[in-house]
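The values are calculated or read from the model by the stated rules, or taken from the named source; none is laboratory data. Worth saying up front: this structure is predicted, and the values here are computed from it rather than measured. When we count neighbours, we look across all protein chains shown, and the Cβ atoms used for this are built from the backbone with ideal geometry, even at glycine.
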Ligand code: CP
Ligand code: NVA
């Protein structure tokens, strides 16, 4: 039973539950593509989106998903709520729970999400924290299945920062049998707690998860190449140091020579052309699937909302 459950990380979901979410996403997508975009699943339900950080995809896809499921969404920029004047996260969770049927939150610290989930009586959905981005990872799994027909045994390379997107990919991969090679500059590896979780899940599914500092090694024979920004939201003060430290980690055609011929290129977006990825790779019509990933956010979020809320 998923109803009432929080969606904070894919680590809390079994492979059967992830498969169920993906199957439902596929059926929402099929309906969407045949023109049936409206259902009554969220009729008379209201959802609050509490965002501490900017967003294009997550905000719009959730609001459109809620609208197409006949629910009502309320967007709350943190600065326009009493959170900005010191009301606690816990009191906010208790109050919002008296009004709405679910809370979608984008926060700086994952701890904030845990506090919100503890104090709320309605499901809390992680719309990105410093630790995880599970909604993105679910849409990425759907994209990999569409393009490659499976997850089990796929070789994926993640090149760049061991950040929230990388952490969620490690959990998603280890749960679904993807063999993931992460390559980061020294000092930017994913958190030890996430590596340990991924190792635990992969011992159950047989997937191989490896972290190294060599982009060439990671990309060699990979079918899926993934990258994300070098400077995540909230790290702006580290920008100069990061741009120096990530030299040699750009995904460009020189690096992609090591990949399998029919590789796909993935990026959660927004991208910084000329930094983590070259423009020609991002725009390559044969290999780049970044806009399919963005579209799939809409379909997977409908599945999350309809099963949890
Ligand atoms: N990929 C993603 O979460 O994008 P936004 O920051 O635009 O929501
Ligand atoms: N790692 C990026 C992802 C943006 C969708 C960030 O946290 O800013």
Check your understanding: Can you tell me how many residues in segment 258-270 are within 16 Å of ligand 2 (Cβ to nearest atom) and closer than 19 Å to residue 218 by Cβ?
Key -> 3
Review point. Are any residues in segment 49-64 within 13 Å of ligand 1 (Cβ to nearest atom) and crowded, with 16+ Cβ neighbours inside 10 Å, and if so, which ones?
Key: 49, 51, 52, 53, 55, 57, 58, 59, 61, 62, 63, 64
Practice item. Taking residue 240 as meeting all but one of (1) more than 16 Å from ligand 2 (Cβ to nearest atom); (2) within 17 Å of the chain's Cα centre (by Cα); (3) farther than 23 Å from residue 153 by Cα, write down the number of the exception. Key: (2)
Review point. What number of residues within segment 165-181 are within 15 Å of residue 228 (Cβ to Cβ), away from ligand 2 (no atom under 16 Å from the Cβ) and assigned to a helix (DSSP H, G or I)?
Key: 1
Review point. Only one residue in 53, 20, 36 is more than 16 Å from ligand 2 (Cβ to nearest atom) and modelled with pLDDT of 95 or more. Which one?
Key: 20
Practice item. Kindly provide the set of residues from segment 223-237 that are under 15 Å from the mean Cα position of the chain (by Cα) and more than 8 Å from ligand 2 (Cβ to nearest atom), ordered by number. Key: 226, 227
Revision key, fill the gap. Within segment 96-117, the count of residues that are part of a helix (DSSP H, G or I) and either surrounded by fewer than 15 Cβ atoms within 10 Å (Cβ to Cβ) or under 21 Å from the mean Cα position of the chain (by Cα) (or both) comes to 10
Practice item. Would you be able to tell me the number of residues in segment 195-211 that are in a helix (DSSP H, G or I) and without any contact (Cβ under 8 Å) to a residue 60 or more places away in the chain? Key: 8
